[in-house]
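What follows is one structure encoded as structure tokens, with my remarks underneath.
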Amino acid sequence: MRRTDPEGRGPVRYGPPPPEPGLPVLPEVAAAAAAAAGRSHGEPPGGGPVLLDAACGYWSRRGLPAERDHVVAAPGAPALLLALTAALGGDVLLPRPCPAWWAPQARLLGRAVYHVPTPAECGGVPDPYALLETVRRVRAEGGRPRLLVLSVADDPTATVPPPEVLHEAVEAAADEGLHVISDETWRDTLHRPRDTVLIGPAEMDHARVTVLSDLSGAFLPPALPAAVARFPATAAGSALRARTLDVLAALGAVPGGPAAAAAAYALGEPDEIGDRLTSAVRLHARVAAAAQRAVLAAGALARPPQAGRHLYADLGPLRPALAARGVADAQDLEDFLGDRLGMPAPGGHRFGDEIDALRVRLTTGPLLGSTPDERMASLAAPDPLELPHVERALSRFGSAFDDLRAEAQRMEPPR
């Protein structure tokens, strides 16, 4: 029987924060924001020309040419996704699991949300056959599926879908007349960029894909919220952009001046931004790989993290040991590991997984150090895993899982 949380910890107010950067703000980003703090005028709805031109340049360098009137900016990805969902209309399809902030936007608008299983090899995109089956079932029941949201570098699973899997999902969406929103927040944080092929849906279907990016993924701290979207260069894309701007204007969801200035600076990708991003990705990749090894050594499951600052672990194999400690579902696991690790450990139910599944997203930011000096030392170190403070943090992290493994072994029946 599924329990009711007596504290009412729902998916919005108590939803998990994005994976922590774990690093101090780049001085040049802080300076760009500070320089704009004295302006008396605000940004217009959808962002001003400087920010929009910077977003166009960012996408053009990635093989997605864009003009100013194909781009929109907002104070964070949730507001932008809310506006897009409102502008598109219809029911929403999401992969299972998916980022915790996707579903609340649709539900806030009274839209039905349908989760579609992901392929075995990755998260972020729906299995194409399951997608077709879900769309047809929803229509047979009187629903109106209109929108598919997916991710090419996934939170929470930290995986990147193979191009052929993504292509099949995009083709299935096109066959059913769905508009695709591609969340590419983490596309610039690939752990092995030379070995990982990342192709976005907009490169496969130019007419039906809107690309969204929350700049807190790679470029900005959460304290400077900014997100951008690129619309198809079609009449339908222009109409969707206009409706999205109407919603943003009605909400008063305009980028703050300091955040817009910092975003424009970061999207220009000067050397300082590129150098920090490269170093930060390398650091998080090393620590995430070490955290995955600790999870696997304890007998739990986790796909190799390929992007971002997190990994997604399945503690199902340790269920008997967890049950002995009062952990019966993902909410219990969230509470248990949060206390044991001393860091956020949101359960899989936050990301659309069933609450009975013992899955959890673990983030690497808290493992980089407890002070700005320690974190900067981690960033500069040739091998951060050899630093005493990182070694201690990973040891504490691993011991929480080792204890469960030892208890599970004690509970195994004698052979």
* What share of the DSSP beta bridges in the chain is antiparallel, in percent to the nearest 5? -> 50
* To do: Please name whichever of 160, 355, 290 sits farthest to the positive end of the charge dipole of the chain, dipole taken about the Cα centre and charges placed at Cβ: Lys and Arg +1, Asp and Glu -1.
  => 355
* **R0 of 41 Å, Cβ-Cβ distance residue 399-residue 272: FRET efficiency to nearest 0.05** => 0.60
* Asked: Once both labels are modelled 7 Å past Cα along the beta-carbon direction, what's the residue 319-residue 371 spacing in nm?
  -> 4.6
* Structure fact -> At q = 0.10 1/Å the base-10 log of I(q)/I(0) from the Debye formula over the alpha-carbon atoms of the chain is -0.68
* Structure fact -> Whole-Å distance linking the alpha carbon centroid of region 199-260 with that of region 341-363 is 28
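Charges only on Cβ, +1 for Lys and Arg, -1 for Asp and Glu: so what's the dipole of the chain about the Cα centre, in debye to the nearest 20? Walk me through the numbers on the way to the answer.
Numbers: 41 positive and 50 negative charges, 114 e Å.
With Lys and Arg at +1 and Asp and Glu at -1, about 540 debye.
Using helices alone, I'd like the mean residue ellipticity at 222 nm for the chain: each DSSP H run of four-plus residues gives -39500 (n - 2.57), total over residue count, nearest 500. Walk me through the numbers on the way to the answer.
Details: 13 runs with 172 residues, N = 415.
When only DSSP H runs of four or more count, the value is -13000 deg cm²/dmol.
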* Report the Stokes-Einstein translational diffusion coefficient (µm² s⁻¹, integer) for region 272-411, Rh taken as the Kirkwood radius over Cα pairs, at 25 °C with viscosity 0.890 mPa s. => 159
* Size of region 41-141 as Cα extents on the principal axes (Å, biggest first) -> 48, 31, 23
* Over the alpha-carbon set of region 27-269, work out the extent along each principal axis and list the three values in angstrom, largest first. => 55, 42, 30
* Structure fact -> Distance in Å, no decimals, from the C-alpha centre of region 116-135 to the one of region 163-178 is 10
* Between residue 243 and residue 107, take the C-beta separation as r, use R0 = 22 Å, and let me know the FRET efficiency to the nearest 0.05. => 0.65
* If the label point is 7 Å along Cα→Cβ of residue 296, which residues in region 183-199 have backbone nitrogen under 17 Å from it? -> 191-192
* Asked: Expressed as a rounded percentage, what relative contact order does region 272-411 have, with Cα pairs under 8 Å and six or more residues apart?
  -> 27
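Which whole-number percent is the relative contact order of the chain (Cα, under 8 Å, 6+ apart)? Don't jump to the answer; show the numbers that get you there.
On the way: 812 pairs, mean separation 83.0, N = 415.
Value for the chain: 20 percent.
Below 8 Å between Cα atoms, with a sequence gap of 6+, how large is the relative contact order for region 27-269 in percent? Spell out each step's value before the answer.
On the way: 490 pairs, mean separation 72.7, N = 243.
Result for region 27-269 is 30 percent.
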* Which residue, chosen from 178, 250, 74, occupies the Cα position most advanced towards the positive end of the dipole of the chain, where the dipole is computed from +1 (Lys, Arg) and -1 (Asp, Glu) charges on Cβ about the Cα centre? -> 250
* When the Cα centres of region 14-71 and region 261-317 are compared, how far apart do they sit, in Å? -> 22
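Taken together, the values in this text are just the output of simple stated rules run on the coordinates, not laboratory data. The shown structure was predicted, so the numbers you read here are calculated from the model rather than taken from an experiment. Methodologically, a virtual Cβ is constructed for each residue, glycine included, from the backbone with ideal geometry; neighbour enumeration extends over all protein chains shown.
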